[in-house]
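Quick note: the coordinates plus some simple rules give every number you see, no bench work behind them. Not measured: the values here are computed from a predicted model. Counting neighbours? That spans all protein chains shown, and the Cβs are built from the backbone with ideal geometry, glycine included.
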């Protein structure tokens, strides 16, 4: 474990320098403070973990407050209907993924993406390294795979690989079944469950779904088109403050991690810190070096929409400009 901590500390120190350079090169407008204190809700699609670190950092450090925003961070869980909550006006903002936004819009939901934290999707399949599997396709050759049916990435994997050799069971969250069965595999966020499994003495191996060809923007800040049109300055302030929160978190994650660890007892503080360092390479990529952290491109949205059409999840793609806006 000491070796792992040293490895991530070295990686973190290098990442800090890289992050400072990127945020300096793509500085957002300095003054986005609202004229009066405004309360908004931000619905998360999972429990407090480093994937939301920048939003918690913005709240804890007073960045939101200094922008005259009072942000109520609402933790979620498996199957949290975040997009539906936004479309229904129950919350002003939420965290979702690019594929969910596209699917929701195909069903008539008025949702718009504002800021994409993960440029590389952290979704993966976690197996025991002792099995000696060579690719994500091998995962489905035998054993048990816990995966949430109905998720687009599962449809993608099912179409690309033969999955009949494995027993597919519902994903319940946690890692208990994984720890108890060497032939058990499960979906995961590469930045979460593998670190927790290592902490329990397991030796997990992770195959990234993005490397197989399905790579939606993930941990995406979303609002409704109606709210954006009616409250452009609030949305602008929220994006700017969240950007600053991520700038702070990527450089110094420990304070926000301390807070989140009190809200999520399933992950200890040491693992929070390790995961925060691990995820930097998924956030700071060649794409974000060009457009800035959080920025999105029409090509990525067009590619994802085309993939969902190919999987017959949606009938037709909308113009990319319908899905997102960069501030």
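Only Cα pairs under 8 Å and at least 6 apart count here; give the relative contact order of the chain as a rounded whole percent.
Here the relative contact order equals 29 percent.
Taking Cα pairs under 8 Å and at least six residues apart, what relative contact order does the range 123-212 come out at, in percent?
On the way: 152 pairs, mean separation 41.9, N = 90.
Once divided by the residue count of the range 123-212, the mean separation gives 47 percent.
Pull up the DSSP beta bridges for the chain and report the antiparallel fraction as a percent, rounded to 5. Let's see the in-between values first.
Values: 20 of 35 bridges.
That works out to approximately 55 percent antiparallel.
For residue 252, project a label point 7 Å along Cα to C-beta. Then give me every residue of the range 271-290 with its amide nitrogen under 18 Å of that point.
Label zone hits: 273-274, 276-277.
Binning every alpha carbon pair distance of the range 56-114 at 10 Å from zero, what are the percents per bin?
That works out to 21, 45, 28, 6, in percent per bin.
Would you calculate the separation in nanometres between label points at residue 148 and residue 162, each defined as 7 Å from the Cα along the Cα-to-beta-carbon direction?
Rounded to a tenth, the inter-label distance reads 3.0 nm.
For the chain, find the longest principal axis of its Cα atoms and tell me its angle to the long axis of helix 232-251, 0 to 90°, nearest 10.
So the inclination is approximately 50 degrees.
Could you give the distance between the Cα centres of the range 223-253 and the range 141-202, to the whole Å?
Taking the Cα centre of each part, the range 223-253 and the range 141-202 sit 33 Å apart.
Go ahead and set up a Gaussian network model of the chain, Cα springs under 10 Å, then flag whichever of 277, 171, 217 fluctuates most.
The residue that fluctuates most here is 171.
In whole Å, what three semi-axes, largest first, describe the equivalent ellipsoid of the range 152-254 built from its Cα gyration tensor (square root of 5 times each eigenvalue)?
Values: eigenvalues 244, 85, 28 Å².
Calculated on Cα positions only, the semi-axes equal 35, 21, 12 Å.
Dimensions of the range 185-327 along principal axes (Cα, Å, largest first)?
Principal-axis extents of the Cα atoms in the range 185-327, largest first: 47, 37, 27 Å.
Out of the DSSP beta bridges found with both residues in the range 123-212, what percent are antiparallel (nearest 5)? Provide the component values of the computation, followed by the final result.
On the way: 9 of 15 bridges.
Of the beta bridges lying entirely in the range 123-212, close to 60 percent run antiparallel.
At a Förster radius of 56 Å, what calculated FRET efficiency corresponds to the Cβ-Cβ distance of residue 269 and residue 37, to the nearest 0.05?
On the way: r = 32 Å, r/R0 = 0.57.
After rounding, the FRET efficiency stands at 0.95.
Hey, what's the per residue convex hull volume over the C-alpha atoms of the chain, in cubic angstrom?
Numbers: hull volume 39.9 nm³, N = 327.
Enclosed volume per residue, from the Cα hull, is 122 Å³.
Given the alpha-carbon gyration tensor of the range 123-212, what are the semi-axes of its equivalent ellipsoid in whole angstrom, ordered largest first, with each equal to the square root of 5 times an eigenvalue?
Values: eigenvalues 70, 35, 31 Å².
Square roots of five times the eigenvalues give 19, 13, 12 Å.
Counting each DSSP H run of 4 or more residues in the chain as -39500 (n - 2.57), what helix-only mean residue ellipticity at 222 nm follows after dividing by all residues, to the nearest 500 deg cm²/dmol? Each step should come with its number before you reach the end.
Working: 16 runs with 145 residues, N = 327.
-12500 deg cm²/dmol, from helical runs alone.
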